[in-house]
Amino acid sequence: MKLNRQSKERLNQYPEKILQFGEGNFLRAFVDWMVNKMNQEIDYNTGIVIAQPIEKGLTEIINSQDGLYHVLLKGIKDGKPIQENELIDCVTRALNPYTEYDKYLDVIDNPELRFVISNTTEAGISWNESDSFEQTPQDSFPGKMAALLYRRFKTFKGDKSKGLIIICCELINRNADFLKKYVLQHAKNWQLEAEFFSWLEEACAFCNTLVDRIVPGFPKDHIEEVQQELGFEDQLVTVGEYFHLWVIEAPKWVKDEFPANKAGLQVKFVDDMTDFREQKVRVLNGAHTGSFAVSLLFGIETVRESIEHEIIGKFMKNMVYNEILATIKGEKEDLIQFAKKILERFYNPYIRHEWNSIALNSMSKWKTRNLCSLVDYARMKNDSPTHLSFSLAALIAYYRGEYNGKKIELQDDQKNIDFMRKVWDGFELNKENVKSLTENVLAYSDLWELDLNQLPGLGELVSKQLYLILSEGIHNAIQTLS
């Protein structure tokens, strides 16, 4: 049976108070799942309309199911295995601003709209000089947000009660601060009136956040079994771990408008999320992104298989305990216990978290999640960390686009793919060529924002490790690490 509002009776119709940029698995299994819980537990009475942030996406599939889908949570609770299947009905519809611009404007003009929530990936919050006020819509997410907020300002004639709460879920440090910075820059470039800048400051809240839930996504390997259990042909079902945490840095009044704690959800409103973010991003996300290329080149497909593997598991633990934790402020024993709990989640027998999904946009992810640890370690120790360096060498090898005669489908910002294709073009294996290639990649300041060749010993170490990966294979190369 197809899943839609005709096949599921007695569903609520919620007012559209949230505009969500991003229709991917994570937001649907994290934010939308939370709003659904709040609707059920505390009568939050809030619907979500999803705006597709790029031209191609899931809008048609979402609308074919009338916004309905299931979230399957699997994990350990109080030491016991747990599995929950929940129908999410708070998504009212999805729209594509590139083809449905008038409908998109109607959402912006809705007086009940209160929140904008986004996850446009690490590459989404970026500056695009070419965005113009006249575009419908602008290319970049910050450009869209600048136009959206100005439209709202004009529609309601500067009414401060019609400002919006913008909550960013992109995994970059101070995500909302960067979004606000670019929104203001667009507004300045477009020469918008001074009253709009005042309205932005007084009527809107840009909230930095930290998100934490492992979401492998669509269970393609056993979808028929899942759909049979659900009783519906759900093409949007998404799998996640039971654990969840959302840390939101916001004014105190925002908590009153998003009272997730009253629904028993792990949502923490804080004045400063710096320590939360540093620990989570460097350990959890850093372990993921720091291990994906090593694992895939090794021939391992999932996180659980890697952490359980004698060689790759040792690599992951050494990288976390010996190198990443050394760069984080705090009591050593507390940090070890935090890391232990994180790595225990990787063993979850109910979650198939594929490395290929983590590989999406991994150049930007490596910069955001791992570069900070590598740079801090090198500067603290006046030496380069062997495991993080090996992770970088494996990343470079992965972005060759093939390994051992097998093609690798790269999914990243085209600028990064083009750069890596250029440095690998015509490559012939010898130590001097590997050294030259490594120097070029480490000098890629458009991504790294610094010349990594300046870090003590890094160029020599990565070049040596990359040569071993290419000449002797990853299986032999990784065993040279102490």
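State whether the stretch 287-427 is rounded, prolate or oblate according to the following rule on the C-alpha gyration tensor (a ≥ b ≥ c being the square roots of its eigenvalues): a/c under 1.5 gives rounded; otherwise a/b larger than b/c gives prolate, and the remaining case gives oblate.
oblate
Where both residues lie in the stretch 16-272, what percent of DSSP beta bridges are antiparallel, nearest 5?
That works out to approximately 35 percent antiparallel.
Set the Förster radius R0 to 51 Å, insert the Cβ-Cβ distance between ASP221 and LYS157 as r into 1/(1 + (r/R0)^6), and round the FRET efficiency to 0.05.
Efficiency computed from Cβ-Cβ geometry: 0.40.
For a quick check of your reading of the filter: which GluC sites (Glu not before Pro) in the stretch 114-168 sit in a DSSP loop and have no more than 10 other Cβ atoms within 10 Å?
Answer in residue order: GLU129, GLU134.
Nearest 500 deg cm²/dmol is fine: what mean residue ellipticity at 222 nm does the chain get from its DSSP H runs of n ≥ 4 alone, each adding -39,500 (n - 2.57), divided by its residue count?
Computed ellipticity for the chain at 222 nm equals -13000 deg cm²/dmol.
For ASP412, enumerate residues with amide H under 5 Å from its amide H, sequence gap 5+ or separate chain, H modeled in the peptide plane.
ASN361
As a test, work out the antiparallel percent of DSSP beta bridges whose residues both lie in the chain, rounded to the nearest 5.
40 percent
Taking only C-alpha pairs under 8 Å that are 6+ residues apart, what is the relative contact order of the stretch 16-272 in percent?
Once divided by the residue count of the stretch 16-272, the mean separation gives 21 percent.
Would you please classify the overall shape of the stretch 365-482 from the alpha carbon gyration tensor, given that a ≥ b ≥ c denote the square roots of the eigenvalues, rounded means a/c under 1.5, and beyond that prolate means a/b larger than b/c while oblate covers the rest?
Oblate shape, in that a/c is at least 1.5 and b/c is the bigger or equal ratio.
For the stretch 338-421, run through the GluC sites (Glu not before Pro) and keep only the ones in DSSP coil with at most 12 other Cβ atoms within 10 Å of their Cβ.
Here the sparse-neighbourhood loop sites are GLU409.
Any idea what angle helix 194-203 forms with the longest principal axis of the chain, computed on alpha-carbon atoms, 0 to 90 degrees, nearest 10?
Helix 194-203 sits at roughly 90 degrees to that axis.
Below 8 Å between Cα atoms, with a sequence gap of 6+, how large is the relative contact order for the stretch 1-153 in percent?
For the stretch 1-153, the relative contact order is 26 percent.
Given a Förster distance of 35 angstrom, what is the FRET efficiency for GLU344 paired with ASN63, based on the Cβ-Cβ distance and rounded to 0.05?
That pair, GLU344 with ASN63, gives E of 0.35.
Do you know the relative contact order of the chain, to the nearest whole percent, from alpha carbon pairs under 8 angstrom that are 6+ apart?
Contact order relative to length: 12 percent.
If you take the square roots of the eigenvalues of the alpha-carbon gyration tensor of the chain and sort them as a ≥ b ≥ c, do you get rounded (a/c under 1.5), prolate (a/b over b/c) or oblate?
prolate
Restricting to DSSP loop positions (anything but H, G, I, E, B) with no more than 14 other Cβ atoms inside 10 Å of their own Cβ, which GluC sites (Glu not before Pro) remain in the stretch 36-109?
Sparse-neighbourhood loop GluC sites (Glu not before Pro): GLU55.
Order 379-389, 169-179 from most to least packed using the mean count of other Cβ atoms within 10 Å.
169-179, 379-389
Positive end of the dipole of the stretch 16-272, charges at C-beta (+1 Lys, Arg; -1 Asp, Glu), about the Cα centre: which of PHE141, ILE166, ASN119 has its Cα farthest in that direction?
Going by the charge dipole, the pick is ILE166.
Show me 143-154, 194-205 ranked by packing, highest mean number of other Cβ atoms within 10 Å first.
Final packing ranking: 143-154, 194-205.
Read-outs: derived from the displayed coordinates by stated rules, not from any lab. Note that this is a predicted model, so its numbers are computed, not measured. As a convention, Cβ positions derive from the backbone with ideal geometry for all residues, glycine included, and neighbour counts pool all protein chains shown.
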